[in-house]
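Student: Got a structure for you, questions after.
The values are calculated or read from the model by the stated rules, or taken from the named source; none is laboratory data. All of these numbers come straight from a predicted model, not from anything done at the bench. Positions of Cβ are backbone-derived with ideal geometry, glycine not excepted, and every protein chain shown enters the neighbour counts.
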Amino acid sequence: MDDMHKVEASLVPPGDIRIPEQAESYIRAGIAEGRTRRRRDRRLRAIARLAAYGAAAFLVLLIGLIGAIRLSPVLASGLSHIPLLQQLVEKVRADRSIQLAAQHDYVQHTSARAELDGIELTIDGIIADEWRVVLFYTVRFDETKYVDAQLGGFEFYDAQEERLTLDKRLPLIGRRTEAVWPPGADLMREGSTIQGKSEYRFHTPQRLPARIKLKAGMSAEPVQLGRSIPLLGEWIVELPVDQDKFYGERAVLPIEQTVTVGGQRIHFRQATLYPTVVQLDFEYDSANEKQIFGIDDWRLLDDTGQEWAQVKMDRFAPEYVSDEQTIYFESMYFETPRALTLSASRIRALEKQQRQISVDLTDKTLLRSPTDRLRLDAVDIVTSRFWPDAYELTFTMDKPDLPNNNAERPIILWPDRDAAGNRILWSGGQSGTHDGISRFVMKTKDTNLVSPLTFTIVDYGYDKIVEPFEVAIPLEGIGDR
């Protein structure tokens, strides 16, 4: 019996009560609408099930892709055009030097561990050369004692020393701890297990000793406490360092080229390929009329058009401004391209005769300055119950014409001497930017100064030399490693 007959049977009227003729058309329309709704509901439920299955499959695929991306630059390149995965791919392959090192087995695998108070620290691997050290680690904590745990950073020691005193620490800079997995993906943590990597960079090139000790602190959130606290004690891990693996032959590429940009000569000396960085040495000609403070837009491209990113490294320099310069890039040590081209176009420079400014403390004015975009807003005497009286000088600067590395301070001043030849000692300063105006406040040690004061400009973000130039880096005799 079809749906209409069922309705008719259920609606047989008692006696001779008649049903209006149009009722049949209404009923048939209602049945048709009901069928449509049932089909639509079935489709929606099917779509919901497919969405749930798809989400689960996507999570599995995503986890697999992350591992594959790390191992396959080709796969990473293929996926990078997909909007949802592009950011993830970029985070995973952010450090090409470390990625290439891992792909070419430039990793020392270890299982050195230390356990204390329910938390275990394991060093899983290490990558090192003369400039950088990368540690891969795992932290596991007792879930009956802690809700969470976090590594506080590493300190390096020579394991040959019997005592771990501060003066035995290796002179490392920075203690940046980064997750192995991209932030927000929740893939660095599985229950009570956390994986991560810590990177350290040297001030000057040096080698780790044959055996080292790593000392780490921890913080954790105890069960029922509701907040994280620093833990007492130290996690000390001792491990060997594979000298043969990490400190082999380095590729030195002589450049010996000179370019002239805006009338200023720059001599490019050589590039040195380390496993984790490329070190490029050059110098500004001492006979230049202008002092070059820096170049803003370095680019290093290979023959395929791939760009190797600049790596920020802090180095000790004998002077604040030096003609001898070094820059660093991601390393192609393990996959040497057929050609490398270094290029730039924006140079921060100023005539050497204009590098000094003078401040009159009495009239509170600038007696000499290379630009009217630098202003002296105030000269105040600051008093204190605990410290000697001091001068506080407030400078303001307009926004530079072009982007500058020192966005907060287009001009950086260094205290020089007063009118009597005494060196100006200063106790600190602060800077900030508001509505395109930079503000710099500097305070002297005391008021025992003879006006006027002289300051030297050590960086200048106005009136840049804008002129593109290129330098070809010879690669003859350097093959794939």
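Student: Out of all the residues in segment 435-475, which are surrounded by 14 or more Cβ atoms within 10 Å (Cβ to Cβ), among the acidic types (D, E) and over 27 Å from the mean Cα position of the chain (by Cα)?
Tutor: D463, E467
Student: Kindly provide the set of residues from segment 298-308 that are within 25 Å of Y200 (Cα to Cα) and either in contact with a Ser or Thr (Cβ under 9 Å, 6 or more places away or on another chain) or at pLDDT below 75 (or both), ordered by number. Give the steps one after another, and end with the answer.
Tutor: Of segment 298-308, the ones within 25 Å of Y200 (Cα to Cα) are 298-300, 307-308.
Matches in segment 298-308: W298, R299, L300, W308.
Student: If you check D303 against the conditions, is it more than 19 Å from the chain's Cα centre (by Cα) and surrounded by fewer than 20 Cβ atoms within 10 Å (Cβ to Cβ)? Walk me through it before giving the result.
Tutor: Numbers: more than 19 Å from the chain's Cα centre (by Cα): yes; surrounded by fewer than 20 Cβ atoms within 10 Å (Cβ to Cβ): yes.
Yes; evaluated as a whole, the condition is true for this residue.
Student: For the subset of segment 222-267 comprising residues that are of a type in the set (S, T, N, Q), out of contact with any His (no Cβ under 8 Å at 6 or more places or on another chain) and over 30 Å from Q206 (Cβ atoms), which member is surrounded by the most Cβ atoms within 10 Å (Cβ to Cβ)?
Tutor: The qualifying residue surrounded by the most Cβ atoms within 10 Å (Cβ to Cβ) is Q264.
Student: Another question, then. Restricting to segment 294-315, name every residue that is basic (K, R) and part of a strand (DSSP E or B). It would help to see each step written out before you state the result.
Tutor: Filtering segment 294-315 for residues basic (K, R) gives 299, 312, 315.
Selection gives R299 alone.
Student: Collect the residues in segment 192-221 that are in contact (Cβ under 8 Å) with a residue 60 or more places away in the chain and in contact with a helix residue (DSSP H, G or I) (Cβ under 9 Å, 6 or more places away or on another chain), keeping them in residue-number order.
Tutor: Within segment 192-221, K197, E199, R207, L208 qualify.
Student: In segment 209-221, which residues are buried (at least 19 other Cβ atoms within 10 Å of the Cβ) and closer than 13 Å to L135 by Cα?
Tutor: Once the filter is applied, which keeps residues that are buried (at least 19 other Cβ atoms within 10 Å of the Cβ) and closer than 13 Å to L135 by Cα, segment 209-221 yields I212, K213, L214, A216.
Student: Would you check which residues across segment 102-151 are of a type in the set (S, T, Y) and either over 27 Å from E221 (Cα atoms) or in contact with a helix residue (DSSP H, G or I) (Cβ under 7 Å, 6 or more places away or on another chain) (or both) and list them? Step through it out loud before you land on a result.
Tutor: The first filter runs over segment 102-151 and keeps only residues of a type in the set (S, T, Y), leaving 106, 110-111, 122, 137-138, 144, 146.
Within segment 102-151, Y106, T110 meet the criteria.
Student: Right, another one. Looking only at residues in segment 99-157 that are in contact with an Asp or Glu (Cβ under 9 Å, 6 or more places away or on another chain) and at positive phi, which one is surrounded by the fewest Cβ atoms within 10 Å (Cβ to Cβ)?
Tutor: D117
Student: Just checking, how many residues over segment 177-222 are over 18 Å from W235 (Cα atoms), small (G, A, S) and modelled with pLDDT of 80 or more?
Tutor: 2
Student: Which is touching a helix residue (DSSP H, G or I) at 6+ places or on another chain (Cβ under 9 Å) and part of a strand (DSSP E or B), of Q291, Q270, Q325, Q279?
Tutor: Working: Q270 fails: touching a helix residue (DSSP H, G or I) at 6+ places or on another chain (Cβ under 9 Å); Q325 fails: touching a helix residue (DSSP H, G or I) at 6+ places or on another chain (Cβ under 9 Å); Q279 fails: touching a helix residue (DSSP H, G or I) at 6+ places or on another chain (Cβ under 9 Å).
Only one candidate qualifies: Q291.
Student: For segment 359-408, give me each residue that is of a type in the set (A, V, I, L, M, F, W, C), exposed (fewer than 14 other Cβ atoms within 10 Å of the Cβ) and modelled with pLDDT of 90 or more.
Tutor: A378, I381
Each row is one residue, and each column tells you yes or no for (1) over 19 Å from Q354 (Cβ atoms); (2) in contact (Cβ under 8 Å) with a residue 24 or more places away in the chain; (3) of a type in the set (F, W, Y).
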{"residue": "L374", "(1), (2), (3)": "no, yes, no"}
{"residue": "D418", "(1), (2), (3)": "yes, yes, no"}
{"residue": "L425", "(1), (2), (3)": "yes, no, no"}
{"residue": "G432", "(1), (2), (3)": "yes, yes, no"}
